[in-house]
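The structure appears right after this line, and notes come after that.
The values are calculated or read from the model by the stated rules, or taken from the named source; none is laboratory data. What you see is a predicted model; the values in this text were computed from it and never measured. Please note: Cβ atoms are built from the backbone with ideal geometry, for glycine as well, and neighbour counts cover all protein chains shown. Keep in mind that these areas ignore ligands, DNA and RNA; they rest on the heavy atoms of the full protein, side chains included. Shrake-Rupley method; radii C 1.70, N 1.55, O 1.52, S 1.80 Å.
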Amino acid sequence: MRAEKQYLLDEIKDEMEGSEMIMVMSYQNLDANQTAGFRDEVFKAGGSTLVVKKRVFLKALEGTDIELSKDDLGGHIGIVISKEHPVATTKSIFNFIKEHKNSIGVLGGQFQGKGCTDIDFEKISKLPSIDEMRAQLIGTFEAPMSQTVSVMNALLTSVLHCLDNKAAEGESA
């Protein structure tokens, strides 16, 4: 292998090592502004993008759970890698795909050490965000306390209503 290709292979392997998510995609019909916008969205979500040559990428896949052949890799190939926020990165990619139909296709990849298909990644993109999960957890903790306070409030109010009704009966008699 030539030195340039070995350097590219080492760079791809270094990026992939220790990643929570590796998504392989094909892209076409993206102009420079759309490509820059895509990279910005992925970067904001905590990921990074790489454009790779197919043969070098297939060598980099050896020893991973990603099962792709040369026949699966149609068009230009790009990789999105996330080491910290894989769900947010996946969401940003699928939001971009919704806005730019027929430009990007997810081919497969790896999520937290396990091989994934495009359907798996689509399901992951529909998971709630970290903030939504935190809100659900807080709501779960808060609901019993709120219900207890409501019951105690109802008990106290009912005693006051009984006393008020008794006082109103005493005045009318």
Item to complete: Please find, among 167, 135, the residue that is more than 30 Å from residue 34 (Cα to Cα), open to solvent by less than 90 Å² (accessible area, probe 1.4 Å), in a helix (DSSP H, G or I) and modelled with pLDDT of 85 or more.
Response: 135
Fill in: Scope region 55-69; condition within 15 Å of residue 106 (Cα to Cα) and either part of a helix (DSSP H, G or I) or within 21 Å of the chain's Cα centre (by Cα) (or both); matching residues
66
Worksheet item: Within region 1-30, how many residues are on the phi < 0 side of the Ramachandran plot, assigned to a loop (DSSP other than H, G, I, E, B) and in contact (Cβ under 8 Å) with a residue 60 or more places away in the chain?
Response: 4
Worksheet item: Of all residues in region 1-30, which are polar (S, T, N, Q) and open to solvent by 50 Å² or more (accessible area, probe 1.4 Å)?
Response: 6, 28, 29
Item to complete: Report the residue count in region 131-172 for those that are acidic (Asp, Glu) and under 30 Å from residue 91 (Cα atoms).
Response: 3
Item to complete: Could you grab me the full set of residues in region 31-49 that are surrounded by fewer than 17 Cβ atoms within 10 Å (Cβ to Cβ) and in contact (Cβ under 8 Å) with a residue 12 or more places away in the chain?
Response: 34, 37, 44, 48
Worksheet entry | Any chance residue 87 is of a type outside the set (Lys, Arg) and open to solvent by 30 Å² or more (accessible area, probe 1.4 Å) | yes
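Would you confirm whether or not region 95-110 contains a residue that is under 24 Å from residue 8 (Cα atoms), open to solvent by 70 Å² or more (accessible area, probe 1.4 Å) and within 13 Å of the chain's Cα centre (by Cα)?
Start the filter on region 95-110 by keeping residues that are under 24 Å from residue 8 (Cα atoms), which leaves 104-110.
From the residues that got through so far, the ones that are open to solvent by 70 Å² or more (accessible area, probe 1.4 Å) too are none.
Within region 95-110, none of the residues are under 24 Å from residue 8 (Cα atoms), open to solvent by 70 Å² or more (accessible area, probe 1.4 Å) and within 13 Å of the chain's Cα centre (by Cα).
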Worksheet item: Checking residue 79 against (1) touching a residue at least 60 places away in the same chain (Cβ under 8 Å); (2) in a helix (DSSP H, G or I); (3) of a type in the set (A, V, I, L, M, F, W, C); (4) within 20 Å of residue 10 (Cα to Cα), which single condition isn't satisfied?
Response: (2)
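Going residue by residue through region 133-148, is there one that turns out to be out of contact with any Gly (no Cβ under 7 Å at 6 or more places or on another chain), of a type in the set (Gly, Ala, Ser) and in contact (Cβ under 8 Å) with a residue 24 or more places away in the chain? Spell out how you get there, then give the answer.
From region 133-148, those out of contact with any Gly (no Cβ under 7 Å at 6 or more places or on another chain) are 133-148; that's our starting set.
Narrowing the set further to residues that are of a type in the set (Gly, Ala, Ser) leaves 135, 139, 143, 146.
Keeping just the survivors that are in contact (Cβ under 8 Å) with a residue 24 or more places away in the chain gives none.
Within region 133-148 (the criterion being out of contact with any Gly (no Cβ under 7 Å at 6 or more places or on another chain), of a type in the set (Gly, Ala, Ser) and in contact (Cβ under 8 Å) with a residue 24 or more places away in the chain), the answer is no, since none of the residues qualifies.
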Worksheet, complete the sentence: Checked against (1) surrounded by 12 or more Cβ atoms within 10 Å (Cβ to Cβ); (2) not in a loop (DSSP other than H, G, I, E, B), residue 144 satisfies every condition except (1)
Discussion item. Within region 67-74, does at least one residue satisfy the condition of being open to solvent by less than 50 Å² (accessible area, probe 1.4 Å) and touching a residue at least 60 places away in the same chain (Cβ under 8 Å)?
Written reply: no
